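Engineer: Below you will find the structure I want to go over with you.
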Amino acid sequence: MGDILDLSHVQLSDRPLVVCDVDDVVLHFAAPFQDFLRQGGHELIPRSFRLTGNIVSTATQVALEHHEVRGLIEAFFDAQENHQFPMDEVVDTLHDLAREADVVFLTAMPPRYRDQRRRLLDRLCLDFPMIASEEPKGPILKTLHGARALPCVFIDDMVHNLQSVCDTVPECLVLHLMPDSPLHLLAPKAADGVPRAEDWPHAAELIRAYFRAYAA
Ligand SMILES: [Mg+2]
């Protein structure tokens with residue numbers, strides 16, 4: 001992990017830990033990103049679960065190069081406050097969970113867009129600590145949670161992030177939560193034993209059952 005990652009702003013209490021991805025878990029990404037692309041004369045044609053190769057010029061239908069796709073994603077992150085909006089019931093559900101657990105956001109977004117994301121989350125009353133890093137998520141979670149004898153939960157829409165946490169913090173409950181966007185319908189399935197949460201109320205049920213079983 002890069003040694004510049006500073007976690008000092010995340011102060012954990014002696015309670016369970018719930019770590020959530022942000023894009024397409026807390027804030028919609030796929031749907032507003034497609035609207036953003038259309039406004040710029042591009043479109044996403046979901047042929048596989050990836051962006052490069054599936055974003056084309058609307059005029060020519062020619063696929064954009066990887067660096068062009070990267071530029072569009074970064075432009076979207078820069079302007080995210082005008083585009084992204086919360087997943088259904090996420091705000092109330094996270095505040096309910098925060099009565100018995102520490103909630104932390106772990107977003108795989110270039111850290112230079114941290115201020116935009118922080119403002120957007122705060123505006124939505126999602127004022128939980130946030131870590132923005134493109135480093136693998138498992139080692140970050142391990143650094144954060146350490147060897148604490150407390151329940152730990154991780155929620156993400158991306159199978160490679162779930163796997164990173166399974167590999168690095170095997171005692172952690174990992175949940176697969178994603179929107180039913182045309183892109184996500186093409187997403188790879190999570191590993192056996194990784195529960196799929198249909199929505200935030202379902203995620204909260206699974207998390208509370210895990211807390212109860214941990215305490216028993
Ligand atoms: Mg995500």
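Engineer: Pairs under 6 Å by beta carbon, first residue more than 20 Å from Asp14 (Cβ to Cβ) in the stretch 94-117, partner open to solvent by 60 Å² or more (accessible area, probe 1.4 Å) and not in a helix (DSSP H, G or I), six or more apart or different chains?
Structural biologist: Correct list of pairs: Ala108/Glu134.
Engineer: Next up: For Leu37, which of the numbered conditions (1) of a type in the set (A, V, I, L, M); (2) within 16 Å of the ligand (Cβ to nearest atom); (3) without any contact (Cβ under 8 Å) to a residue 40 or more places away in the chain fails to hold?
Structural biologist: For Leu37, the failing item is (2).
Conditions tested, residue by residue: (1) closer than 20 Å to Val159 by Cβ; (2) of a type outside the set (Ser, Thr, Tyr); (3) open to solvent by less than 30 Å² (accessible area, probe 1.4 Å); (4) assigned by TED's automatic domain parsing to the domain that holds Ser181.
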residue	(1), (2), (3), (4)
Glu43	no, yes, no, no
Arg50	yes, yes, no, no
Ser57	no, no, yes, no
Thr60	no, no, no, no
Ala63	no, yes, no, no
His67	no, yes, no, no
Arg70	no, yes, no, no
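Engineer: Scan the stretch 24-46 residue by residue and report those that are among the small types (Gly, Ala, Ser) and part of a helix (DSSP H, G or I). If you could, list the steps in order and put the result at the bottom.
Structural biologist: Initially, the stretch 24-46 is screened for residues among the small types (Gly, Ala, Ser), giving 30-31, 40-41.
Once the filter is applied, which keeps residues that are among the small types (Gly, Ala, Ser) and part of a helix (DSSP H, G or I), the stretch 24-46 yields Ala30, Ala31.
Engineer: For Val18, all conditions in the list (1) under 27 Å from Thr168 (Cα atoms); (2) within 16 Å of the ligand (Cβ to nearest atom); (3) surrounded by fewer than 16 Cβ atoms within 10 Å (Cβ to Cβ) hold save one; what is the number of the exception?
Structural biologist: Result: Val18 passes all but (3).
Engineer: Here is a further query. Name the single residue that is least open to solvent (accessible area, probe 1.4 Å) among those in the stretch 82-103 being hydrophobic (A, V, I, L, M, F, W, C) and part of a loop (DSSP other than H, G, I, E, B).
Structural biologist: Ranking the qualifying residues of the stretch 82-103, first place goes to Ala101.
Engineer: Can you find a residue in the stretch 199-216 that is within 15 Å of the ligand (Cβ to nearest atom) and β-branched (Val, Ile, Thr)?
Structural biologist: No, every residue in the stretch 199-216 fails to be within 15 Å of the ligand (Cβ to nearest atom) and β-branched (Val, Ile, Thr).
The values are calculated or read from the model by the stated rules, or taken from the named source; none is laboratory data. Note that the structure is predicted; figures quoted are calculated from it, not measured. Every residue, glycine as well, gets a Cβ built from its backbone with ideal geometry; the counts of neighbours run over all protein chains shown. Calculation scope for accessible area: heavy atoms of the full protein, side chains included, ligands and nucleic acids excluded. Shrake-Rupley method; radii C 1.70, N 1.55, O 1.52, S 1.80 Å.
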